[in-house]
Amino acid sequence: MSTETPITVCISRAKEQYIPFILLVTLWSTVCFALPDFLDNPIHGWKGWAAIAAYCIALGVAAVWPLIIGTLNRYVAAVFLPIYGALGAVVSYYRLAYRATITPIILDATFHTNPGTVAGVVDKSLILWLIINILIALLFVWWRYRTVRVQHPWLWLVAALIILPVYYTFNSRLNKSINQRYPYNIPYNLYRYAHLQSLRNQPRLMPEAVRVSDSSDSLTIVVVIGEAIRADHLGLNGYHRPTTPRLAQRQGVRTLGDVYSMHTHTAASVPHMLTPADSLHTDYAYTRESFIPYLRQAGFRTAWISNQDIGDTYAHFIHSADTAIFPNKAKSVFVFDRWTDADLIDEVCGLPVSPKQLLVLHTIGAHWYYANHVPEDFEPFSPVTDNRVVTANDSLAIINAYDNCVAYLDIVLDSLCGLFADRPAVLIYQSDHGESLGENSIYLHAAGAEETKHPAGLVWYSESFRKLYPQQAEYIDSLQTNRLTTDYLFPLVMHTAGLQITE
Ligand SMILES: [Zn+2]
């Protein structure tokens, strides 16, 4: 005969509440910490909302496994949940209040900033949000400690391990973007930070260079790395829309209308462009130095000013410059926020004047979401997109938003030329690849589509450059009628500086 009374049955059931417990913890984590990542996203129509819902569910499912591991044991839960709540509160607060996310650059800046400066971004709202979430975490701890019992912890551990492949699958399908969302963005970007630190000091070969032409004491070389700008959307190259009216009027502009890129995404294309890599020596992108240390040796003051996150494949080059500046440290392409390349010009204006200088500007250009990389209300072509899911937009709106980026590039490049017009200066603009705008139902880049292999390129030089460096100016003039590959960039920069590799 059973000794179980109705009271003990009731207590026993009350102590089997792990499923509702873990579901509520997951709901708290998803709503308070993951959802803020999406609140400022452009969303319109059912496709946009469905994508956000799918993202949040994916994050909720993927994030369950650390929550299970952290709460299976009630003593571990008592430590894990308040820490999880505190970190989640801080990350979600800065995402909402400052539209800032964690990047290796922001971590680097935080580690190298004095505590007084960090304290400057702590405010009452953050403290309140922190207290609320720590209290919620403590409530969960109390619930877990007092009534929730896990009858088969090993089964739950197995369940957590089974969810791991779900996380990896979603993450790889979504371009690693789950890694960039809470709760993964803290450990992921700490790992990225440490990884980039190790990459930047990796040795590269640097064959000797010799001076092959005369040089004056005054020369500015500006290399602008474009992002996803295709040549056939420049008015300069015959596009039917007037996307480059300012550059068309500026003296000294030479368009490179026929440049081929063998790479169709940033990580592969940028190191290829900056090094002596070519189709026969593609490995040089990863084994040779860029033109930056050569020009440093030749007396140029060098600066890397970037509107993009640091990629593994070009972290080394950034470190090789005298100065590295990131005006938008807390932005990544996973954040749908507005930042424009005008920020790079502000940084250029703030640099100390140097008679011989090399500036490498890495632009955000026409990276998706296009409408966020031009100033608000800058819409020479409209209507523009209203949805973060590219295929949920009207095809004309996509092209309009893209052409607005090209028209804004016209303003940015023309302003840069204006800054250096009264001194011997050369500006070389080369986009890293093109962009698919719906051809064969393909969008964006990296899929290897033909239209992504024809990036925009152009060169401008000042009148005083032409007078001081006639040989170099003549070489630049000769390029505009040539069919080129992006291989041209390294020798052009070296030639402009009067240098040539001896091997
Ligand atoms: Zn790119």
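The values are calculated or read from the model by the stated rules, or taken from the named source; none is laboratory data. Worth saying up front: this structure is predicted, and the values here are computed from it rather than measured. Ideal geometry is used to build each Cβ from the backbone, glycine not excepted, and the neighbour counts take in all protein chains shown. Just the protein is used for accessible areas: all its heavy atoms, side chains included, with ligands, DNA and RNA removed. Shrake-Rupley method; radii C 1.70, N 1.55, O 1.52, S 1.80 Å.
Descriptive notes on the structure:
- Of everything listed in (1) closer than 27 Å to A267 by Cβ; (2) in a loop (DSSP other than H, G, I, E, B), the single unmet condition for A371 is (2).
- Pair list, Cβ < 6 Å and 6+ apart or interchain, from the range 354-367 residues that are farther than 17 Å from V426 by Cα and within 15 Å of the ligand (Cβ to nearest atom) to residues that are basic (K, R) and not in a loop (DSSP other than H, G, I, E, B): none
- All conditions in (1) touching a residue at least 40 places away in the same chain (Cβ under 8 Å); (2) of a type in the set (A, V, I, L, M, F, W, C); (3) open to solvent by less than 10 Å² (accessible area, probe 1.4 Å) hold for L444, with the sole exception of (3).
- Scanning the range 137-153 for residues that are under 40 Å from the mean Cα position of the chain (by Cα) and open to solvent by 50 Å² or more (accessible area, probe 1.4 Å) yields a total of 2.
- In the range 184-211, the residues that are over 30 Å from V64 (Cα atoms) and open to solvent by 70 Å² or more (accessible area, probe 1.4 Å) reach residues that are assigned to a helix (DSSP H, G or I) and at pLDDT 90 or above with C-beta atoms within less than 7 angstrom, at least six apart or across chains, in these pairs: R200/A315; R200/H316; R200/H319; Q202/H316; L205/T287.
- Long-range neighbours under 6 Å by Cβ, at least six apart or interchain, first residue free of Cβ contacts under 8 Å to residues at least 40 places away in the same chain within the range 145-158, second β-branched (V, I, T): none
- Pick from the range 224-260, criterion within 16 Å of the ligand (Cβ to nearest atom) and more than 23 Å from A342 (Cα to Cα), ranking: most open to solvent (accessible area, probe 1.4 Å): Y260
- For the range 295-320, a tally of residues being free of Cβ contacts under 8 Å to residues at least 60 places away in the same chain, outside any helix (DSSP H, G or I) and open to solvent by 10 Å² or more (accessible area, probe 1.4 Å) returns 3.
- For the range 261-284, a tally of residues being surrounded by 23 or more Cβ atoms within 10 Å (Cβ to Cβ) and either over 24 Å from the mean Cα position of the chain (by Cα) or not in a loop (DSSP other than H, G, I, E, B) (or both) returns 7.
- Some residue of the range 453-462 being touching a Pro at 6+ places or on another chain (Cβ under 7 Å) and within 16 Å of the ligand (Cβ to nearest atom): no
- Scan of the range 456-496 for residues that are under 13 Å from P424 (Cβ atoms), open to solvent by less than 60 Å² (accessible area, probe 1.4 Å) and free of Cβ contacts under 8 Å to residues at least 40 places away in the same chain, ordered by number: A473
- Only a single item in (1) assigned to a helix (DSSP H, G or I); (2) open to solvent by 60 Å² or more (accessible area, probe 1.4 Å) is not met by L39, and it is number (1).
- Scanning the range 333-353 for residues that are more than 15 Å from the ligand (Cβ to nearest atom) and open to solvent by 50 Å² or more (accessible area, probe 1.4 Å) yields R338, D346, E347, C349, G350, P352, V353.
- Scanning the range 203-233 for residues that are assigned to a strand (DSSP E or B) and more than 22 Å from the chain's Cα centre (by Cα) returns L205, A209, V210, R211, L219, T220, I221.
- Condition check for G434: closer than 17 Å to A231 by Cβ and either in a helix (DSSP H, G or I) or within 14 Å of the ligand (Cβ to nearest atom) (or both): yes
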